[in-house]
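I have placed the structure first, in the form of structure tokens, so that the comments after it can refer back to it.
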């Protein structure tokens, strides 16, 4: 019995903590928050940043598929990604490396923002002035830090 209590205690000490209103997604080791709002890109980004996070950045097929599933489970068919095109180059707003892309092949090259379509797990370039729902992501912290 003591061993079980010690195990639970140690697990609790090392468990991830998320900012208020976020939930921890263990498979991605990240905290996520569903806003429930439809906003322009800049309003969505501002909301996430004001709430200790950023819009989603995706770095692998696994992350892409899992985030599409999570987005779909929140009834978000299309949600903002934290990616913008500046001078013809896509960049993540959280300044992480651009090491994975999954744009639909017929995207309009003049559009500078993008969404994740949870019905097919593809990215679509869209106008930054359009309104979409979104998920915010934040890095978890440890209780014992």
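The numbers here are math on the coordinates, done by the rules we state, and not lab data. Remember, predicted model here, so these are calculated numbers, not experimental data. In this analysis, Cβ positions are derived from the backbone assuming ideal geometry, glycine residues included, and neighbour counts consider all displayed protein chains.
Each label was represented as a point 7 Å from its Cα along the Cα-to-Cβ direction; for residue 23 and residue 69 these points are 1.4 nm apart.
Here the label points at residue 122 and residue 89, each 7 Å from Cα along the C-beta direction, are separated by 2.7 nm in the simple model. Its relative contact order, with pairs defined as Cα atoms under 8 Å and 6+ residues apart, puts the chain at 36 percent.
Computing Rg and the Kirkwood Rh from the Cα coordinates of the chain gives a ratio, Rg/Rh, of 1.05. The length gained on full extension between residue 101 and residue 129, counted as 0.36 nm times the residue separation minus their Cα-Cα distance, comes to 7.9 nm. Here residue 51 and residue 108 are evaluated by their C-beta separation; at R0 = 30 Å the FRET efficiency comes out at 0.45. Computed from label points 7 Å out along Cα-Cβ, the spacing between residue 78 and residue 139 is 3.3 nm.
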